[in-house]
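A.B. asks: I have a structure I would like to understand better, so I am pasting it below and will then ask my questions one at a time.
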Amino acid sequence: MQIRAPLQGTVVAVAVQFGDRVRRDDELVVLEAMKMQHPVAAAADGVVIELCVVAGQLVQAGDVLVRLRPEVGERAGAPRPSRPPAAPRTDLAEVLERRALGTDAARPTAVAKRHALGLRTARENIADLCDAGSFVEYGPTVVAAQRSRRPLDELVRETPGDGLVAGVGTVNAALFGPERARCVVMAYDYTVLAGTQGYQNHRKTDRMLQLAESDGLPLVFFTEGGGGRPGDTDLRHVVVSGLECPSFRSLARLSGRVPLVGINAGRCFAGNAAFLGCCDVIIATRNSNVGMGGPAMIEGGGLGVWAPEDIGPTEVQTPNGVIDVVVDDEASAVAVAKRYLAYFQGAVGEWTAPDQTRLRDFVPADRLRVYDVRRVLDTLADEGSLLELRREFGRGMVTALARVEGQPLGIVANDPQHLSGAIDSAAADKAARFMQLCDAFGLPILFCCDTPGIMVGPEAERSGTVRHAARMFVVGAHLEVPCGTIVLRKGYGLGAQAMAAGHFKAPRFLVSWPTGEFGPMGLEGAVKLGFRRELEAIADPAAREAKFQEMVAASYAHGKASNVASYFEVDDVIDPAESRRWVRLLLAGPRPRSGRRFVDSW
């Protein structure tokens, strides 16, 4: 049996001698070619009867290296004696040890301090968010760019990952499958240099944002941290301002392309807050402080000395619209993030519809009596599926994600408990931005209209209502997702048109409940303006009021839903219990995503 050279090379080792008994796959000769060594093994059991090469000899492909006499009889194919286990590879052991140093188990003091504050570590949050075993981390052994001022072993121990844990995992894979559940996850590690942004963790951030864009993956970002880090000295001779950093632009470019979820607990200042503000939704714990500058920056700007707790607490950042959802703790924040992502991951197969006949009684028969529109929405949507965003901001408008028959959609509703449902500047901003969000990711929009119109008056104009209210018309005119409108009660003036994407024939449907009433402006105001002369001519106040009420009643009869439907200004007047049948019209067919370039950060 001849063992030939598989390629041209130099013999660097002959591993056998004449007369040696060898087994199949035993190494016989080692050839070197192009700086790589190639072992040549026995093709079968046998005995070496001739060595045809020596070390240092150049051979060509096909040259005979060794001749064997095949072994037959009892010894052929006999079991090999067991070999002692190989010693652990030092290179692998070094890598495993280095990676272990960055885990929570290797840093018990830092973890204990975190837990003493009632907070979790970055890795604990990621483990809770991602499906078990799905998270693949990028750059876990990176250290801070401070080698010029600190020993490497110290950086390894104290700056694992340069303060950023980042990677790809799945969220809600059990519901939507692993491919649709893939997600980029990043979390600043507050136990490492207070979660500040260093040179290397910016590089990791850029890497992950690039991956999110190229693969179309949602991003969940835990943003707690103190902003830019001045202590990274390794680049002092090549970097001055650090303003060539692409991270903020890269994150902003993802807006409208993939869902962006920001989660914060504790302090989030400067650059960390800038990242948070770029996200589609901000979920924050009650102990959060979010601000574009922390205490040091504020003091350095000559603006006084402030404690971190004084800067951007939730009681400020929630009613002003910065925070979308406030929760008690990080576990609740992660739970909300999972729910939020699910609306953009697809339909669910199992759902329960509340008793729809309850919808008949939520709007009072007395047209002047207020009611809770959230009870309407909770009943109209699948049980437990409603997730309201920015509840404390723009209180005259409710914006919520929900499901009907398992299908996700967005809902925009007037709240008559605030300004009687009139659309003020904040409410218009809230609705317009939510409409952009739904349009960007292919979620149909249901408008639930009960508004006397757009808010008017000197105080309203101080808030810039002319511009703010116009946002609903501009965004509505460019919606590419289907929308529909159900008028619950009042549908007056420009406000009602805004709740129908601009005009009553723009939505896929516009229907009214029997309580619906319509007109170019509120009935009382229309009568006062239109019949002022007639009313002023009545001297007796009681008689004047009686005549006024008579005219209002006549206007109501003219503008009530059943009469308006007879002119085909609405598509139908429906039994409220049939509302979900109309909503199905929004959910049928494909869900094309719009060409919207971004979602307004405000």
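The values are calculated or read from the model by the stated rules, or taken from the named source; none is laboratory data. These numbers come from a predicted model, not from an experiment. Backbone-built Cβ (ideal geometry, glycine too); neighbour counts: all protein chains shown. Heads up: the accessible areas ignore ligands, DNA and RNA and are worked out on the full protein's heavy atoms, side chains in. Shrake-Rupley method; radii C 1.70, N 1.55, O 1.52, S 1.80 Å.
A.B. asks: What distance in nm separates the two pseudo spin-label positions at GLU545 and ARG584, each 7 Å out from Cα along the beta-carbon direction?
C.D. replies: Those two pseudo-labels are separated by 5.0 nm.
A.B. asks: At 7 Å along the Cα-to-beta-carbon direction for both LYS505 and GLU315, put a label point, then send me their distance in nm to one decimal.
C.D. replies: 5.3
A.B. asks: Using only DSSP helix segments of four residues or longer, with each worth -39500 (n - 2.57), what per-residue ellipticity at 222 nm results for the chain after dividing by its residue count and rounding to 500?
C.D. replies: -9000 deg cm²/dmol
A.B. asks: Another question, if that's okay. Using Cα-Cα distances under 8 Å and only pairs 6 or more residues apart, what relative contact order does the chain have, in percent?
C.D. replies: Relative CO of the chain lands at 8 percent.
A.B. asks: Tally up the carbon and sulfur contribution to the accessible surface of the chain as a whole percent, 1.4 Å probe, everything protein left in place.
C.D. replies: The nonpolar share, carbon plus sulfur, comes to 55 percent.
A.B. asks: Full extension from ALA43 to LEU529: what is 0.36 nm times the residue separation minus their Cα-Cα distance, to one decimal in nm?
C.D. replies: Separation in residues times 0.36 nm, less the Cα-Cα distance, equals 164.5 nm.
A.B. asks: Next up: Pull out the extension gain between GLU97 and ASP20, defined as 0.36 nm times the separation in residues minus the alpha carbon to alpha carbon distance; nm, one decimal.
C.D. replies: That works out to 23.5 nm of additional length.
A.B. asks: Could you report the chain's accessible area per residue, 1.4 Å probe, as an integer in Å²?
C.D. replies: The answer is 48 Å² per residue.
A.B. asks: For LYS547, list the aspartates and glutamates whose Cα falls under 13 Å from its own Cα; do not include residues on the same chain fewer than 8 positions away.
C.D. replies: Within reach: GLU524, GLU534, GLU536.
A.B. asks: Now a separate question. Would you give the gap between the C-alpha center of the stretch 185-254 and the C-alpha center of the stretch 32-75, rounded to a whole Å?
C.D. replies: 55
A.B. asks: Set Lys and Arg Cβ to +1 and Asp and Glu Cβ to -1, take the dipole of the chain about its Cα centre, and tell me which of TYR199, PRO408, MET521 lies farthest positive.
C.D. replies: Farthest towards the positive end: TYR199.
A.B. asks: Using a Cα-Cα cut-off of under 24 Å, which lysines could be cross-linked to LYS430, ignoring same-chain neighbours fewer than 8 residues away?
C.D. replies: Partners found: LYS338, LYS490, LYS505.
A.B. asks: Antiparallel versus total DSSP beta bridges in the chain: what percent is that, nearest 5?
C.D. replies: Just about 55 percent of them are antiparallel.
A.B. asks: Hey, how many Å between the Cα centroid of the stretch 80-138 and the Cα centroid of the stretch 346-372?
C.D. replies: 50
A.B. asks: Also, I was wondering about something else. Can you say what percent of the DSSP beta bridges in the stretch 394-453, counting only those with both residues inside, are antiparallel? Round to 5.
C.D. replies: The antiparallel proportion sits near 65 percent.
A.B. asks: Let me ask you something else. Tell me whether the stretch 426-491 comes out rounded, prolate or oblate; compute the Cα gyration tensor, take square roots of the eigenvalues as a ≥ b ≥ c, and use a/c under 1.5 as the rounded threshold.
C.D. replies: oblate
A.B. asks: How high is the relative contact order of the stretch 279-408, given as a whole-number percent (alpha carbon pairs under 8 Å, six or more residues apart)?
C.D. replies: After rounding, I find 25 percent.
A.B. asks: Also: Restricting to Cα pairs below 8 Å that are 6+ residues apart, what does the relative contact order work out to for the stretch 495-586? Please round to a whole percent.
C.D. replies: 42
A.B. asks: With a cut-off of at most 14 other beta carbons within 10 Å, and DSSP calling the residue loop, which trypsin sites (Lys or Arg not before Pro) in the stretch 105-211 qualify? Please list them.
C.D. replies: Answer in residue order: ARG147, ARG149.
A.B. asks: Compute, for the stretch 319-360, the length of the dipole vector about the Cα centre, with Cβ point charges of +1 (Lys, Arg) and -1 (Asp, Glu) only. Units Debye, rounded to 20.
C.D. replies: Computed about the Cα centre, the dipole is about 280 debye.
A.B. asks: Determine the dipole magnitude for the stretch 443-502: charges of +1 sit on the beta-carbon of Lys and Arg, -1 on that of Asp and Glu, nothing else is charged, the reference point is the Cα centre, and the result goes in debye to the nearest 20.
C.D. replies: Result for the stretch 443-502 is approximately 60 debye, rounded to the nearest 20.
A.B. asks: I need the peptides 455-467, 3-15, 415-427 ranked by packing, meaning the mean over residues of other C-beta atoms within 10 angstrom, with the highest value on top.
C.D. replies: For the peptides 455-467, 3-15, 415-427, the packing ranking is 415-427, 3-15, 455-467.
A.B. asks: Using the crude model of +1 on Lys and Arg Cβ and -1 on Asp and Glu Cβ, and no other charge, please compute the dipole size for the chain relative to its Cα centre, in debye to 20.
C.D. replies: In debye, rounded to 20, the chain gives about 800.
A.B. asks: In nm, to one decimal, how far is the GLU569 label point from the VAL72 one, both placed 7 Å along Cα→Cβ?
C.D. replies: If labels sit at GLU569 and VAL72, their model points lie 10.7 nm apart.
A.B. asks: Out of ALA426, PHE275, GLN210, whose Cα points farthest toward the positive end of the dipole of the chain (charges: +1 Lys, Arg; -1 Asp, Glu; placed on Cβ)?
C.D. replies: Value: GLN210.
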